[in-house]
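Enquirer: One structure, pasted below without further comment.
The values are calculated or read from the model by the stated rules, or taken from the named source; none is laboratory data. If you're wondering where the values come from, they're calculated on a predicted model, not measured in any experiment. Cβ atoms come from the backbone with ideal geometry, glycine included; neighbour counts cover every protein chain shown. The accessibility values were calculated without ligands, DNA or RNA, using every heavy atom of the protein model including side chains. Shrake-Rupley method; radii C 1.70, N 1.55, O 1.52, S 1.80 Å.
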Number of protein chains: 2
Amino acid sequence: MPEPKPKRSGCPINLATEVLGDGWSLVVLRDIMFGGRRTYRAILTNSLEGIATNILASRLKQLVENGLLTAAPAPDHRQKTIYSLTEKAIALLPAMIALGAWGRQFLPTEPELAIRNQVLEEGGRELQEAFMAELRETHLGIANPSSGQSVAERLELAFQQAKSEIRR
Amino acid sequence: MPEPKPKRSGCPINLATEVLGDGWSLVVLRDIMFGGRRTYRAILTNSLEGIATNILASRLKQLVENGLLTAAPAPDHRQKTIYSLTEKAIALLPAMIALGAWGRQFLPTEPELAIRNQVLEEGGRELQEAFMAELRETHLGIANPSSGQSVAERLELAFQQAKSEIRR
DNA sequence: TAAACTGCTTGCGTTATGCAAGTGGATTAA
DNA sequence: TTAATCCACTTGCATAACGCAAGCAGTTTA
């Protein structure tokens, strides 16, 4: 059995850094959380930043080991692996939104790539909770009683609108 | 003149990761922001995680290059460098609090190291704003009209209380 | 039965990290 | 005045991580 490697310290910021403090973990989680990618191939071929195959494999493995993802074979294709967010990963949403809001304010973001984050930030705690409930339904199978247009749909719509506005 | 190196993408999460996505940047910022360290030596000798000298030097340089810190010689000691947070770094506070809250919930944090984060999270937006105003006064020289006990003092008090409670 | 798809692994060169020691200027104490 | 200490690093070197391109083995589809 793999014993947990010793932690540098018990400070929450440090521990979060030890889990997520590399160049790819948050980007992979973003693609699963906001982009709806569920497989190695889906992440790889749609990767905006061009993640390398070995890096993606190692990150997925690490995220599973750290309890942020679970892996299960696809029902229709034994070799295909479906990755699901855990509650631990879904609970990262507020931090990701805060980090994205900071990025939008201080870093040279592109509007159509920032729009999902903007919608979620402006939607406040209510919209964030609704999105987390959707993620829990999609990834954990926890029934979500909310009705009407899903947050995921709203995000996708905003993204498409932003894209078309930029093209003209 | 140093031309900016090409970004992997204009996504806010990715850009934030490119700036902060390593094992030390957030930890150094934490020590300056919450620990009140202002010099290389102060960070190094109090480092909970035992940062190496060359890594600290390279991170400080990087953080200055990325506009999160400014460096100025100390008035009493020409060789001593005082680092100050920029507005860009102070604006990271909400994200750091959110990340710390996540760490407290899902990672094996130690109570006395988590208490500052907890106080700030439970204090809500109001306390966060008050602390940011204090940081702006301390690091940017922007007058802070607020009176009474400072947030920094409250955090320190909570930390000392947590420490003494643990020792018995 | 072959082609395409699946999730990887492997080799290899480059870059980053980590440890220990050293450097050189500034300040302080005897 | 001189020695010790403080200050912010740098340097050398070993190890680990990253990044690119290619390859691989099982699965499914045409």
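Enquirer: Can you list the distances in nanometres, one decimal and ascending, from the B:Thr70 label point to the identical position in each other copy, with the point 7 Å along Cα to Cβ?
Expert: Here the equivalent label points are 5.1 nm apart from this one.
Enquirer: Given that compact globular proteins tend to follow 2.2 N^0.38 Å, what is the ratio of the alpha-carbon Rg of the protein assembly as shown to that value? Walk me through the numbers before you get to the answer.
Expert: Values: Rg = 20.9 Å, N = 336, 2.2 N^0.38 = 20.1 Å.
Cα-based Rg divided by the globular estimate yields 1.04.
Enquirer: If we hang a label 7 Å off Cα along the beta carbon direction at B:Gln105, how far is it from the matching labels on the other copies, in nm, shortest first?
Expert: Label-point distances to the other copies, shortest first: 2.2 nm.
Enquirer: Let me ask something additional. With respect to the axis carrying B onto A, what is the closest chain B residue by Cβ position, and how many angstrom separate it from the axis?
Expert: Residue with the nearest Cβ, plus whole-Å distance, for chain B: B:Ala98, 2.
Enquirer: Under the 0.36 nm per residue contour assumption, what length would be gained going from the current alpha-carbon distance of A:Glu129 and A:Ile55 to full extension?
Expert: On the way: separation 74, 0.36 × 74 = 26.64 nm, distance 3.14 nm.
Here the segment from A:Glu129 to A:Ile55 would lengthen by 23.5 nm.
Enquirer: Still on this model: Counting only protein heavy atoms and a 1.4 Å probe, tell me what percentage of chain B's accessible area is made up of carbon and sulfur.
Expert: On the way: 4500 of 8850 Å².
That share works out to 51 percent.
Enquirer: Looking only at Cα atoms, what is the convex hull volume of the stretch B:81-143 per residue, in Å³?
Expert: Numbers: hull volume 6.3 nm³, N = 63.
Looking at the stretch B:81-143, the number lands at 100 Å³ per residue.
Enquirer: Roughly how big is the A-B contact, given as buried accessible area in Å² (both sides, 1.4 Å probe, nearest 100)? Mind showing how you got there, number by number?
Expert: Numbers: alone 10710 and 10690 Å², together 17710 Å².
Using a 1.4 Å probe, the pair buries roughly 3700 Å².
Enquirer: Straight-line reach from B:Lys163: which lysines have a Cα under 24 Å away, not including same-chain ones fewer than 8 places off?
Expert: By straight Cα distance, B:Lys163 reaches A:Lys7.
Enquirer: Moving on. Are there GluC sites (Glu not before Pro) in the stretch B:93-168 that DSSP puts in a loop and that have at most 11 other Cβ atoms within 10 Å, and which ones? Could the numbers behind the result be given before it?
Expert: Working: sites: B:Glu112, B:Glu121, B:Glu122, B:Glu126, B:Glu129, B:Glu134, B:Glu137, B:Glu153, B:Glu156, B:Glu165; in loops: none.
In loop regions of the stretch B:93-168 (DSSP not H, G, I, E or B), there are no sparsely surrounded GluC sites (Glu not before Pro).
Enquirer: One decimal, nm, shortest first: give the distances between the label point of B:Arg167 and those of the same position in the other copies, each label point 7 Å from Cα along Cα→Cβ.
Expert: 6.7
Enquirer: State in Å² the accessible area per residue of the protein assembly as shown; use a 1.4 Å probe, count heavy atoms of protein chains only, and round to the nearest integer.
Expert: Details: 17710 Å² over 336 residues.
In whole numbers, the protein assembly as shown has 53 Å² accessible per residue.
Enquirer: Counting only C-alpha contacts under 8 Å and six or more residues apart, can you give the relative contact order of chain A as a whole percent?
Expert: Details: 134 pairs, mean separation 26.2, N = 168.
After rounding, I find 16 percent.
Enquirer: Shifting gears a bit: Taking each residue of A:145-157 in turn, how many C-beta atoms of other protein chains fall within 10 Å of its C-beta, and what is the average?
Expert: Whole-number average of other-chain Cβ neighbours for A:145-157 is 0.
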